[in-house]
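Scroll down for the structure; my scribbles are underneath it.
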Amino acid sequence: MSINSFGHLFRTTTWGESHGPALGATVDGCPPGIALSEADLQVWLDKRRPGQSRYTTQRREPDAVRILSGIYEGQTTGTPIQLMIENTDQRSKDYGEIAQKFRPGHADITYWQKYGIRDPRGGGRSSARETAARVAAGGVARAALAVLAPRLTITGYMVQMGAKRIDRARFDAAQIAQNDFWCPDATAVAEWRDYLDFLRSEDHNSVGAVIEVVASGAPAGLGAPIYGKLDSDLAAAMMSINAVKGVEIGAGMAAAELTGRENADEITMGPDGPVYTSNHAGGILGGISTGQDIVVRFAVKPTSSILTPRRTITLQGEEAEIITKGRHDPCVGIRAVPVGEAMMACVLLDHLLLHRGQVGDGPRGKIG
């Protein structure tokens, strides 16, 4: 397996398996002189950490990150930053049965078909546990963005669980950190809580979700035409997250239902520059940021590991039945929220560095 890196100038390589001794990331290209400590990264890992509520896997991992290189006297040196997170609560025995069987809906069968060998303990590299390393790398990106783009904020939240959607009219950003679902609609939280309790305890099932991530305060000009589009890299980054099956920018698929008059975000002149009357483009036109909010949504499929018996086959090609034991998220979308935020941070820092490298710090085209 050779493709474990993403990014151009700000580049992250993740390593490790779900049930190995540790996992982590090597972050290369972070500018020097950025104040960075393990505590700066831990705050983001704590958002993703398992076992914090009954609605996530009960695997108990502190997800304590260690910085092994690239820092001197509390500042980045510009050299590779090595991050390590030890695994402390593996139960490899839970996966004994699946060593000889493939879990439907999981990457077991494709890993075997490609490599002829796989690590069945928690899914190895295909496990959502790999995303802890991304969140740590995202913490590095956030620290750099705080210096290079201090107005920038990144906020993720869940807008849909199964067929149940939030009511945008009740959107309250203050609610996002106040519930187990990162949900901005307090009324939806109560319904989602009852629904997930039923799926988890009675139906032995799981459900998918849709996550929205918004970057506010991003400068105009990030991205490049054709093959260096900001939205292309954002879509690839979100699509690389475990269990993600769809990505939208701005209006996304709904843009197909709009007319040209409805879809075009009209422009007026404000005291500080262009002002848009709407944001169907999701803050990106022609692959380049407009200065509006950058809006990305991604769909996460239901967790494939469930206690309901499913038909499958064995390594020998025999038909069989499987029940996946272990500690699994009934809605993996909950812990995907901080992962989406981390990927947004990594991509935006990468494109900010690319932009500075090509055109410098200042705006190129003055308006007004």
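If you check 103, 151 for being assigned to a loop (DSSP other than H, G, I, E, B) and open to solvent by less than 30 Å² (accessible area, probe 1.4 Å), only one passes: 103. The criterion of being closer than 24 Å to residue 361 by Cα, crowded, with 17+ Cβ neighbours inside 10 Å, free of Cβ contacts under 8 Å to residues at least 40 places away in the same chain and not aliphatic (A, V, I, L, M) holds for residue 276. Look at residue 90 and say whether it is closer than 22 Å to residue 304 by Cα, open to solvent by 70 Å² or more (accessible area, probe 1.4 Å) and modelled with pLDDT under 90. Criteria not met by residue 90.
Against the criterion of being within 15 Å of residue 65 (Cα to Cα), surrounded by 15 or more Cβ atoms within 10 Å (Cβ to Cβ) and at pLDDT 95 or above, residue 144 does not qualify.
I'm trying to understand the selection: among the residues of region 171-189, which are open to solvent by 30 Å² or more (accessible area, probe 1.4 Å) and either aromatic (Phe, Trp, Tyr) or touching a Ser or Thr at 6+ places or on another chain (Cβ under 6 Å) (or both)? 171, 180, 182, listed by residue number.
The set of residues in region 198-242 being part of a helix (DSSP H, G or I), closer than 30 Å to residue 307 by Cβ and in contact (Cβ under 8 Å) with a residue 60 or more places away in the chain consists of 199, 200, 238.
Just to be sure, is residue 78 surrounded by fewer than 19 Cβ atoms within 10 Å (Cβ to Cβ) and at pLDDT below 95? When the stated conditions are applied, residue 78 does not pass them. Taken as a whole, the structure leaves residue 291 outside the set of residues that are within 27 Å of residue 144 (Cα to Cα), of a type in the set (Gly, Ala, Ser) and surrounded by fewer than 16 Cβ atoms within 10 Å (Cβ to Cβ). When the test is whether a residue is at pLDDT 95 or above and either in contact with a strand residue (DSSP E or B) (Cβ under 7 Å, 6 or more places away or on another chain) or surrounded by 14 or more Cβ atoms within 10 Å (Cβ to Cβ) (or both), residue 196 does not pass it. Of the residues making up region 161-168, not a single one is surrounded by fewer than 20 Cβ atoms within 10 Å (Cβ to Cβ), closer than 29 Å to residue 19 by Cβ and among the acidic types (Asp, Glu). Might you let me know whether region 43-62 holds any residue that is at pLDDT below 90, β-branched (Val, Ile, Thr) and in a loop (DSSP other than H, G, I, E, B)? Within region 43-62, one or more residues are at pLDDT below 90, β-branched (Val, Ile, Thr) and in a loop (DSSP other than H, G, I, E, B). Sub-6 Å Cβ pairs linking a first residue in region 247-268 that is farther than 10 Å from residue 280 by Cα to a second residue that is surrounded by 10 or more Cβ atoms within 10 Å (Cβ to Cβ) and of a type in the set (Gly, Ala, Ser), at least 6 apart or interchain, are 247/235, ordered by first then second residue.
Of the residues in region 159-171, at least one is in contact (Cβ under 8 Å) with a residue 24 or more places away in the chain, under 14 Å from residue 209 (Cα atoms) and outside any strand (DSSP E or B). Is there a residue in region 254-267 that is open to solvent by 20 Å² or more (accessible area, probe 1.4 Å), in a strand (DSSP E or B) and not aliphatic (A, V, I, L, M)? Scanning region 254-267 turns up no residue that is open to solvent by 20 Å² or more (accessible area, probe 1.4 Å), in a strand (DSSP E or B) and not aliphatic (A, V, I, L, M). Scanning region 328-338 for residues that are open to solvent by 20 Å² or more (accessible area, probe 1.4 Å), in contact with a Phe, Trp or Tyr (Cβ under 8 Å, 6 or more places away or on another chain) and outside any helix (DSSP H, G or I) turns up nothing. For region 113-141, filtered to residues that are in contact with a Phe, Trp or Tyr (Cβ under 7 Å, 6 or more places away or on another chain) and either assigned to a helix (DSSP H, G or I) or among the hydrophobic types (A, V, I, L, M, F, W, C) (or both), the residue that is surrounded by the most Cβ atoms within 10 Å (Cβ to Cβ) is 138. Candidates 173, 190, 163: the one that is of a type in the set (A, V, I, L, M) and closer than 30 Å to residue 348 by Cβ is 173. Residues in region 1-22 that are open to solvent by less than 100 Å² (accessible area, probe 1.4 Å), modelled with pLDDT of 95 or more and touching a Leu at 6+ places or on another chain (Cβ under 9 Å): 7, 9, 10, 14, 15.
Sort through 367, 313, 306 and tell me the only one that's in a strand (DSSP E or B) and either open to solvent by 10 Å² or more (accessible area, probe 1.4 Å) or free of Cβ contacts under 8 Å to residues at least 12 places away in the same chain (or both). Sole residue among the options that is in a strand (DSSP E or B) and either open to solvent by 10 Å² or more (accessible area, probe 1.4 Å) or free of Cβ contacts under 8 Å to residues at least 12 places away in the same chain (or both): 313. Of the residues making up region 243-253, those that are assigned to a strand (DSSP E or B) and either surrounded by 11 or more Cβ atoms within 10 Å (Cβ to Cβ) or touching a helix residue (DSSP H, G or I) at 6+ places or on another chain (Cβ under 7 Å) (or both) are 244, 246, 247, 248, 249.
The values are calculated or read from the model by the stated rules, or taken from the named source; none is laboratory data. Values in this document were obtained by computation on a predicted structure and should not be read as measured data. Here Cβ is always computed from backbone atoms with ideal geometry, including for glycine, and neighbour counts include all displayed protein chains. Please note that ligands, DNA and RNA were not included when accessible areas were found on the heavy atoms of the full protein model with its side chains. Shrake-Rupley method; radii C 1.70, N 1.55, O 1.52, S 1.80 Å.
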